Structure formats: C-alpha cells, structure tokens
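The values are calculated or read from the model by the stated rules, or taken from the named source; none is laboratory data. Worth saying up front: this structure is predicted, and the values here are computed from it rather than measured. Every residue, glycine among them, receives a Cβ derived from its backbone with ideal geometry; neighbour counts consider all protein chains shown.
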Amino acid sequence: MNFEIINPSSTEELLGTIKSLQKEKFRFGAGCTDLLMELKKNPEENLTVINLSQVKDASFTGIKKTTNQFRLGALFTAHKIVINEELKINFPVLHQSALTLASTQIRQVATVGGNLCTASPSGDIACALVALEAQCEILGTTGKTRTVPVTDFFMGPRKTVLKSNEVLYSISVPVNNKLSKNILSGFIKVGTRRSMECSVVSIAYHIQTDEHGNIINAGVAIGASAPTIRFAKEACEFLIGKKLKHISHKEKEKFAEKVLSYAAPITDIRATAWYRKEVLFNISKSIFE
Ligand SMILES: Cc1cc2nc3c(=O)[nH]c(=O)nc-3n(C[C@H](O)[C@H](O)[C@H](O)COP(=O)(O)OP(=O)(O)OC[C@H]3O[C@@H](n4cnc5c(N)ncnc54)[C@H](O)[C@@H]3O)c2cc1C
C-alpha cells in the first residue's frame, strides 16, 4: 500500500484539506479498520488519505445529550458506545450492536461514522441506527451542514449520499425520556463464528410502549439481508397498537413475514440466500420471546 497521509487537527483545517483535494483522488480514514483492508485488496494509485483521527474537536469526537436527542460525533468509537451508561439504558439496541462488533481492540478505534460510511449491508452499528431512525449530519466544505435520515443515507453496497466535498459530521438519535423505561430493544446477530465476524444475518429492534403496555412506536432494521440495511416499515406499522406482552403466535409469524418481505439476500461464501431467509424469519419471531 502506498498513499500520502494528511493529518488535519481541526474541523477548519479538515474542510480546507477537502477543498484543496477536490481535483485529486482522496479517501477519509477514521479508525481505518475497513479502509486498510479495502486498500490492501484494491490498491489505488496516487491516493491521499485524509486521516480524521487527528481531528480532536468535541463536535466530531464526543457525545452530547439535549432534551430530545443524543448527538454522537462521527468519530465516536464503538468502545465509547459500549461503555456509555446512558446509551446502554436508553438504546440497548445500539449498545448491543457495538458490543458485537469485531473485537475489543478493533472497537477501540472503529468509529460510528466509519461503520455508516463504509455502507456495508452487514454493518452492526449502522443497523441499530437505522432501527432507531437516526439522523446523519453532513458537513460540506462551505461549513454548512445538511441532515439526512439514516434510512436514506445508503445508496447501495459501499455507496452513500455523501458528495466528494462532504464528510459525515455526526449522528443524532431521538430520545423520548418518558418512554425510556418501556422498551423492548436489542440486536440479534447470526454469524458463522462468535467473534471477529460480520453478520450472516442481523436484526435490530427498538419497540416502545405506553404505560399500559401498548406499542406506540417501533423501529426494526435488517442487516446482511439485502444490498443495503433496510428499515422494515410495514413490520413496524403492524405492531402499533398491539399489547407487547400479548403478541400471539400468529401475530409473531405475520410480523416475521412482513420483516422477510424486505429481504433480498444473496448466496455467498458465508451462507445461501435460503439460509439467510430462514434465519431471518426465526430471529424476527424470537424478539418477543
Ligand atoms: C477483523 C475485522 C472484524 C470486523 N468485524 C465487524 C463486525 O463484527 N461488525 C461490523 O459492523 N463491522 C466489522 N468490521 C468492519 C469495521 O471495523 C467497522 O465497519 C468500523 O465501524 C469501521 O470504522 P472505521 O472508523 O475503522 O472506518 P474506516 O475504515 O476509517 O472507514 C470506513 C469507510 O468510511 C469512510 N469514512 C470514515 N469516516 C468517515 C466520515 N466521518 N465521513 C465520510 N467518510 C468516512 C472511509 O473513507 C471508508 O470508506 C470488522 C473489520 C475487521 C477488520
């Protein structure tokens, strides 16, 4: 691998660097856990890597809670998600997705922004963020930001809505403080091995009830089941108004069928399309058990 590395140390310097490289071939590197693997496989000539990990601004690296959301800087790491107690309580789905990502060592450097921008159908944190209907804040070289729902962020495998003069700045997850206790939230990942393995199939769910146990909000996303992570909208709508504790066997099956309707899996080295569908159906039903 042979590339030049530029190390901007502030957001301002970063935007200047991006601007100056508009006519050149460049890539961003955050934790570089994906990028280095990719460049090893497909080396690129005359490439410059903009190393984001030296940008120390809290807006890029930190977490901030306001009354109705948690804002995670794009450089917030998987490890920081795992150890954050507030995230663990409010969004078990996010906590569990980060905890199942790779290994302790990789989680120290792998970033939430990198997990989204690599746009892998099996991205674990990305899958949880889709279930949570998070919002992506994108920063352009003019210094202006635009917001895109994470459900619209992926254009295809390894393709996002980011333009060449843009960088992912932060991800915001909406929070409803009143409902934080009434949740069924989690992440199920099926892989060929227990660790250091991308999903063969995954499901992320975050279901909220009112004080009577009636479902009033549901977010369900599936990973490694289609060219991009998908939000299973009809499956979510199906749950609204039902009593969480009294979902019948028939309703679980109906829900799983609706989840499955969003899947378009492929057969590859890790699993057949048939196997992925079977597993997805079964793990979808199992979230209520
Ligand atoms: C051994 C191994 C095991 C793994 N296991 C898992 C796993 O279990 N689950 C899983 O989900 N992933 C897994 N991965 C993939 C990887 O670790 C994650 O996707 C990680 O979150 C990527 O983050 P990063 O900061 O390292 O991204 P990088 O490698 O730095 O970047 C990834 C891509 O995103 C772009 N990018 C990064 N940040 C930004 C930004 N702010 N704005 C614009 N573009 C940006 C880069 O240009 C690059 O194209 C594994 C990787 C390895 C090597």
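Considering the stretch 1-33 alone, what residues qualify as being within 24 Å of the chain's Cα centre (by Cα), assigned to a loop (DSSP other than H, G, I, E, B) and not hydroxyl-bearing (S, T, Y)?
Result: A30, G31, C32.
Among the listed residues T66, T111, T77, which satisfies the condition of being among the polar types (S, T, N, Q) and modelled with pLDDT under 95?
Values: T111 fails: modelled with pLDDT under 95; T77 fails: modelled with pLDDT under 95.
Step by step, each of T66, T111, T77 is checked, and only T66 is among the polar types (S, T, N, Q) and modelled with pLDDT under 95.
Looking at G241, is it at pLDDT 95 or above, on the phi > 0 side of the Ramachandran plot and not assigned by TED's automatic domain parsing to the domain that holds P92? Explain how you work it out, then say what you get.
Working: at pLDDT 95 or above: yes; on the phi > 0 side of the Ramachandran plot: yes; not assigned by TED's automatic domain parsing to the domain that holds P92: yes.
Against the criterion (at pLDDT 95 or above, on the phi > 0 side of the Ramachandran plot and not assigned by TED's automatic domain parsing to the domain that holds P92), G241 qualifies.
From V279, V200, V190, grab the single residue that is modelled with pLDDT of 95 or more and surrounded by 15 or more Cβ atoms within 10 Å (Cβ to Cβ).
Details: V200 fails: modelled with pLDDT of 95 or more; V190 fails: modelled with pLDDT of 95 or more.
Within the list V279, V200, V190, the selection yields V279.
Among the residues of the stretch 27-48, which ones are farther than 16 Å from L75 by Cα and either of a type in the set (D, E) or near the ligand (Cβ under 9 Å from one of its atoms) (or both)? Working first, answer last.
At the first step, the residues of the stretch 27-48 found to be farther than 16 Å from L75 by Cα are 36-48.
Correct list: L36, M37, E38, E44, E45.
Can you tell me which of A126, A98 is part of a helix (DSSP H, G or I), among the small types (G, A, S) and more than 8 Å from the ligand (Cβ to nearest atom)?
Details: A126 fails: more than 8 Å from the ligand (Cβ to nearest atom).
From the options A126, A98, the qualifying one is A98.
I'd like to know if the stretch 21-41 contains one or more residues that are closer than 18 Å to Y169 by Cα and at pLDDT below 95.
no
Do you know which residues across the stretch 14-33 are surrounded by 14 or more Cβ atoms within 10 Å (Cβ to Cβ), farther than 14 Å from E44 by Cβ and not hydroxyl-bearing (S, T, Y)?
L14, L15, I18, A30, G31, C32
Considering the stretch 279-289 alone, what residues qualify as being under 19 Å from E234 (Cα atoms) and part of a helix (DSSP H, G or I)? Explain how you work it out, then say what you get.
We begin by selecting, within the stretch 279-289, every residue under 19 Å from E234 (Cα atoms); these are 280-288.
Within the stretch 279-289, L280, F281, N282, I283, S284, K285, S286 meet the criteria.
Looking at the stretch 244-256, is at least one residue under 22 Å from the mean Cα position of the chain (by Cα), within 19 Å of A134 (Cα to Cα) and not assigned by TED's automatic domain parsing to the domain that holds A131?
Residues of the stretch 244-256 under 22 Å from the mean Cα position of the chain (by Cα): 256.
Those left that are additionally within 19 Å of A134 (Cα to Cα): none.
No; the residues of the stretch 244-256 include none that is under 22 Å from the mean Cα position of the chain (by Cα), within 19 Å of A134 (Cα to Cα) and not assigned by TED's automatic domain parsing to the domain that holds A131.
The conditions are (1) in contact (Cβ under 8 Å) with a residue 40 or more places away in the chain; (2) farther than 24 Å from I183 by Cα, and G223 fails exactly one of them. Which is it?
With respect to (1) in contact (Cβ under 8 Å) with a residue 40 or more places away in the chain; (2) farther than 24 Å from I183 by Cα, G223 is out only on (2).
Would you confirm, using the coordinates I've provided, whether I89 is outside any loop (DSSP other than H, G, I, E, B) and more than 30 Å from I203 (Cβ to Cβ)? Please lay out each step first, then the result.
Details: outside any loop (DSSP other than H, G, I, E, B): yes; more than 30 Å from I203 (Cβ to Cβ): no.
For I89, the condition - outside any loop (DSSP other than H, G, I, E, B) and more than 30 Å from I203 (Cβ to Cβ) - is not met.
Go through the stretch 129-158 and count every residue that is of a type in the set (S, T, N, Q), in a strand (DSSP E or B) and loosely packed, with under 15 Cβ neighbours inside 10 Å. Show your work before the answer.
So the first thing to find is which residues in the stretch 129-158 are of a type in the set (S, T, N, Q), and the list is 135, 141-142, 145, 147, 151.
So of that shortlist, the ones also in a strand (DSSP E or B) come out as 135, 145, 147.
With loosely packed, with under 15 Cβ neighbours inside 10 Å added as a condition, the list becomes 145, 147.
Final tally of qualifying residues: 2.
So which residues in the stretch 251-275 are touching a helix residue (DSSP H, G or I) at 6+ places or on another chain (Cβ under 9 Å), without any contact (Cβ under 8 Å) to a residue 40 or more places away in the chain and assigned to a helix (DSSP H, G or I)?
Those that are touching a helix residue (DSSP H, G or I) at 6+ places or on another chain (Cβ under 9 Å), without any contact (Cβ under 8 Å) to a residue 40 or more places away in the chain and assigned to a helix (DSSP H, G or I): E251, K252, E253, K254, F255, A256, E257, K258, L260.
Conditions tested, residue by residue: (1) surrounded by fewer than 22 Cβ atoms within 10 Å (Cβ to Cβ); (2) within 9 Å of the ligand (Cβ to nearest atom); (3) part of a helix (DSSP H, G or I).
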| residue | (1), (2), (3) |
| --- | --- |
| S53 | yes, yes, yes |
| T67 | yes, no, no |
| L75 | no, yes, no |
| H79 | yes, no, yes |
| V82 | yes, no, yes |
| I106 | yes, yes, yes |
| L116 | no, yes, yes |
